[in-house]
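Undergrad: Please find one structure pasted underneath; my questions will follow.
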Amino acid sequence: MTDSLKPGEAFIYMKVGIHANESLKDIIKRKRAEIEDAGVSFWGYGGNSCHPLTAVQPFVKEETEKGVRVRLLMQEIVSRHYAQGLASEYSVDGKHYERVPKGVKVVGSRFALVLKNLDEVEIAVALAQTRVGIGRCIGRTGADYIRGHLDKACLIYDPGAGPADRGTSVKLALAAELASPYAVILR
């Protein structure tokens, strides 16, 4: 499905690929089955740039209160992630934990985004035309923020954020609608 971003649209940007020795194709198949069976899936990740409590939850809440739709948009990359460890519990607030929903499997991750669907898309976006939507780097262009090993961000599409000719477009191949509570801590 071909899709496009609208000015002001908010999204969680994430680079994805092999994770915990599982191919992206197999992960997508498993996550779609989880959504079918459990009604949601947990898309695991690590790193603090999109911490559930200080970035994702407040970002999504703020944007949805403005009437803006927030999606997870993913760029496929070549990766070598081999971490193991199956999460058995999750927390919305970092204090109270519940069992991961029956039928949902999260491997090798500290956090997870809560998804209600997972679709293939074709979106090209220049990260220079986005800006960080929360945190100490708020307002910085996505191109300046996503560098080196940083692979995720809470972004807002803003065609005037940076020079139009600066940076190449990235191809976003997967999209997901987030389900409340949007992101959780795992253990």
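Undergrad: Residues in segment 81-90: is at least one more than 23 Å from LEU155 (Cβ to Cβ) and in contact with a helix residue (DSSP H, G or I) (Cβ under 8 Å, 6 or more places away or on another chain)? Give the derivation first.
TA: Within segment 81-90, the subset more than 23 Å from LEU155 (Cβ to Cβ) is 82-90.
Restricting the remaining residues to those that are in contact with a helix residue (DSSP H, G or I) (Cβ under 8 Å, 6 or more places away or on another chain) gives none.
Scanning segment 81-90 turns up no residue that is more than 23 Å from LEU155 (Cβ to Cβ) and in contact with a helix residue (DSSP H, G or I) (Cβ under 8 Å, 6 or more places away or on another chain).
Undergrad: Okay, next question. Take the residues in segment 67-101 that are within 24 Å of ASP119 (Cβ to Cβ) and exposed (fewer than 12 other Cβ atoms within 10 Å of the Cβ); name whichever of them is modelled with the lowest pLDDT.
TA: Among those that are within 24 Å of ASP119 (Cβ to Cβ) and exposed (fewer than 12 other Cβ atoms within 10 Å of the Cβ), it is VAL78.
Undergrad: Any residue at all in segment 55-66 that is in a loop (DSSP other than H, G, I, E, B) and either of a type in the set (Gly, Ala, Ser) or out of contact with any Ser or Thr (no Cβ under 9 Å at 6 or more places or on another chain) (or both)?
TA: Yes, segment 55-66 contains at least one residue that is in a loop (DSSP other than H, G, I, E, B) and either of a type in the set (Gly, Ala, Ser) or out of contact with any Ser or Thr (no Cβ under 9 Å at 6 or more places or on another chain) (or both).
Undergrad: Check GLY47, GLY94 and return the single one that is in contact with a strand residue (DSSP E or B) (Cβ under 6 Å, 6 or more places away or on another chain) and either on the phi > 0 side of the Ramachandran plot or in a strand (DSSP E or B) (or both).
TA: After ruling out the rest, the residue left standing is GLY94.
Undergrad: With respect to ARG140, determine if the residue is farther than 30 Å from SER4 by Cβ and more than 17 Å from the chain's Cα centre (by Cα).
TA: Answer is no for this residue.
Undergrad: Can you tell me how many residues in segment 110-125 are crowded, with 18+ Cβ neighbours inside 10 Å and within 11 Å of LEU72 (Cα to Cα)?
TA: Looking only at segment 110-125, we keep the residues that are crowded, with 18+ Cβ neighbours inside 10 Å, and these are 110-115, 118, 123, 125.
Going one step further and asking which of them are within 11 Å of LEU72 (Cα to Cα), we end up with 113-115, 118.
Total meeting the criteria: 4.
Undergrad: Same structure, new question: Limited to segment 123-152, what total is found for residues that are in a loop (DSSP other than H, G, I, E, B), closer than 15 Å to SER49 by Cβ and not charged (D, E, K, R)?
TA: 9
Undergrad: Pairs needed: first member in segment 56-75, free of Cβ contacts under 8 Å to residues at least 60 places away in the same chain; second member anywhere, surrounded by fewer than 19 Cβ atoms within 10 Å (Cβ to Cβ); C-beta distance under 9 Å; at least 6 residues apart or different chains.
TA: Sorted first by the residue in segment 56-75, then by its partner, the pairs are LYS66/GLY8.
Undergrad: Pull up segment 90-115, narrow it to residues that are in contact (Cβ under 8 Å) with a residue 24 or more places away in the chain and over 22 Å from GLU177 (Cα atoms), then point me to the one that is farthest from the chain's Cα centre (by Cα).
TA: First pass over segment 90-115, keeping only residues in contact (Cβ under 8 Å) with a residue 24 or more places away in the chain: 90-94, 97, 100-115.
Next cut, over 22 Å from GLU177 (Cα atoms) only: 94, 97, 108.
Values: GLY94: 19, TYR97: 22, GLY108: 16 Å.
If we take residues in segment 90-115 being in contact (Cβ under 8 Å) with a residue 24 or more places away in the chain and over 22 Å from GLU177 (Cα atoms), then TYR97 is farthest from the chain's Cα centre (by Cα).
Undergrad: Restricting segment 46-66 to residues that are at pLDDT below 95 and surrounded by 15 or more Cβ atoms within 10 Å (Cβ to Cβ), which is nearest to ARG147 (Cα to Cα)?
TA: The residue in question is SER49.
The values are calculated or read from the model by the stated rules, or taken from the named source; none is laboratory data. Predicted, not measured: the structure shown is a model, and the values here were computed from it. All Cβ positions, glycine included, derive from the backbone under ideal geometry; neighbour counts span all protein chains shown.
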